[in-house]
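Encoded as structure tokens, the structure appears first; notes follow it.
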Amino acid sequence: MKEKLEKWEPEVSLEPLKDRKSLHDFQEEAERALKKFPGGTVAIFNMRQFKYINECYGRETGDRLLAGIISAMKQRKKDNELFYWIGGDIFYVFINRWERSYVRQRLESYILGGTKVSEKILKNSQVSFYCGAIVSYSGSKEENYSLEQMLTHVMYALAKAKEYPGNKIWFFDAELHKKELQENNVELQMQRALSMGEFELYLQPKVDPLTRCLKGAEALVRWRMPGGVFMSPGEFMPVFERTGFSSRLDQHMLQEVGRLLYNWRKQGLKPIPVSVNLSRRTLYEESYIRTLEWVKENYQIDDGEITLEILESMAFGNLIKANELLEKVKNMGYLISMDDFGSGYSSLNVLAKLKIDELKIDQAFLRGITADSREKLILETIVRLAKDLNIPTVVEGVETADHEELVRSLGCDCAQGFLYSKPMPAEDFTDQFMKKGGCQYKFQIL
Ligand code: C2E
Ligand code: MG
Ligand code: MG
């Protein structure tokens, strides 16, 4: 077989171009085939650079290439397979098998046919193909599709394959598809949600572990969707990060916090410091900097009343620029806290060089702690280092009295966690803590 292929000369006649079929023809025949077998595979091939071939090589070469590919692929077709060229650079294949490894081999064979002939026609240049495929098997609970569903989902698989370079075959994966549908839904909803005020301000207390007095609060976003369903940031922030919407949301939360502090003051309540969270890119947005100025002025915020919780990753690869930005917002009267320290690729270098006013140690440390665990040793070391650098520390995730005792014994300045309170709506926080003493409020732990 191999030898036969090596010797095979590409078809240069344009005859194959007369054999164009419609998608409808394919659909009918695939439907008939699917009735005969308990399953099968539908695949679509697209050529990557087809648009440019006519321009770069001329139309005649483009036609010869297409004719050559059609005939090379057809030569590889087995008896129980269908191969349809439906125009342009689009080829449909049906295979009467559903085992992925077998199917993959078959699809690779079609691709090989196409690339080999392209090399001969284009004189040492090669085109590449991307291919979407979907398998269906009537004996499977998850992968039993009608032909119509296969023809829809295969387009999605094709789009996924296109995202990768070179010759790429992508099998439709129902799980991934569902996840992406949800993500797209989140994306479609976010603008509306912002304008409808669905992003709500929640607050969680920050507490002095020695006196158990309220020291401040962290602002956390909650998405109340239509119908009253709540979504936590862990579910939507990753999508927002990808779309860039997270900076817009951070801006909204900053404004909410500014308004809250203003309202406290108006009600005669002495504000406590409040932190807001920033996504990795937020501080690099000009519009966020402008909002910082606007909030400070419009809501008459005192210096040090709002802390910006940044992520260490905002400085990766650009420590100088990051420090310039921090310097700028600090001059405006904001404080800087580094959130989730120790959760990612924490670097002591970044800790030492970034100009921060507070270090928040990730809750993962407390989760992993036992009397002689490494987490405990690392936690002790980080707290000591922060003290040497003159940076106050906050430990996140304090859930038990034992956690609190540890945090206290290490000399941490502040604790945050469910032991004191879960995050709650800003109005509840105002009633429960601000109207009962604010900074004087003392937590009672039973
Ligand atoms: P974070 O800034 O580290 O916030 C602390 C998270 O830990 C919060 O989760 C809080 O509810 C949770 N937490 C607090 N105490 C405890 C405890 O004792 N035990 C446990 N198991 N969890 C505790 P949440 O509200 O789901 O937020 C998750 C993350 O989402 C936040 O982590 C923050 O990175 C991000 N986030 C929240 N709001 C915003 C926002 O407005 N903007 C941006 N960019 N990110 C936000
Ligand atoms: Mg935070
Ligand atoms: Mg954190």
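Descriptive notes on the structure:
- Computed Kirkwood radius, in angstrom, where 1/r is averaged over Cα pairs of segment 180-322: 16.4 Å
- Across segment 1-160, Cα-Cα pairs farther apart than 18 Å form 58% of the total.
- Segment 340-400 and segment 104-126 have their alpha-carbon centroids 55 Å apart.
- Computed E for Asn323/Ala159 - FRET, C-beta separation, R0 60 angstrom, nearest 0.05: 0.90
- Neighbour counting of Cβ atoms within 10 Å sorts the residues Tyr164, Tyr284, fewest neighbours leading, into Tyr164, Tyr284.
- Taking the convex hull of Cα positions in segment 331-446, its mean projected area over all directions (nm²): 8.8 nm²
- Most fluctuating residue given options Gly227, Gly344, Gly87, as computed from a GNM of the chain linking Cα atoms under 10 Å: Gly227
- From helices alone, the chain scores -14500 deg cm²/dmol at 222 nm; the rule is -39500 (n - 2.57) for each run of n ≥ 4 DSSP H residues, then divide by the residue total.
- Cα centroid separation - segment 279-308 against segment 236-274, whole Å: 10 Å
- Calculated SAXS-style log₁₀ I(q)/I(0) at q = 0.07, 0.11, 0.12 Å⁻¹ - the chain, Debye, Cα scatterers: -0.57, -0.88, -0.95
- Highest-MSF residue in the chain out of Lys355, Lys116, Lys18 [GNM, Cα springs under 10 Å]: Lys18
- Segment 239-357, Rg to Rh (Cα coordinates; Rh as Kirkwood inverse mean 1/r): 0.98
- Full-extension gain in nm, Ser409 to Lys36, via 0.36 nm per residue minus C-alpha separation: 126.9 nm
- The local environment of Phe433, defined by Cβ-Cβ distances under 14 Å, has a net charge of +3 under the rule Lys, Arg +1 and Asp, Glu -1.
- Environment charge at Ser118 (Cβ cut-off 12 Å; Lys +1, Arg +1, Asp -1, Glu -1): +3
- Ratio Rg/Rh [Cα only; Rh per Kirkwood] for segment 125-202: 1.17
- Hits among lysines - C-alpha to C-alpha of Lys178 under 18 Å, sequence gap 8 or more where chains match: Lys141, Lys160
- The chain: most fluctuating residue of Glu286, Glu305, Glu399 per GNM, C-alpha cutoff 10 Å: Glu286
- Straight-line reach from Lys206: taking Cα to Cα under 18 Å and skipping same-chain neighbours fewer than 8 places apart, the lysines in range are Lys215, Lys270, Lys360, Lys422, Lys435, Lys436, Lys442.
- Within a straight-line Cα-Cα reach of under 13 Å, Lys18 can be paired with the following aspartates and glutamates, leaving aside sequence neighbours fewer than 8 residues apart in one chain: Asp63.
- Estimated D of segment 289-337 in µm² per second, where Rh is the Kirkwood radius over Cα pairs and Stokes-Einstein applies at 37 °C, 0.692 mPa s: 289 µm²/s
- Length-normalised contact order for segment 182-440 - Cα pairs under 8 Å, 6+ apart - percent: 21 percent
- Equivalent-ellipsoid semi-axes for segment 182-440 (Cα gyration tensor, √(5λ), whole Å, largest first): 27, 22, 20.
Each reported figure results from applying straightforward, stated rules to the coordinates on display, with no laboratory input. None of the values given here were measured: they were computed from a predicted structure. Neighbour counts run over all protein chains shown; Cβ positions are idealised from the backbone, glycine included.
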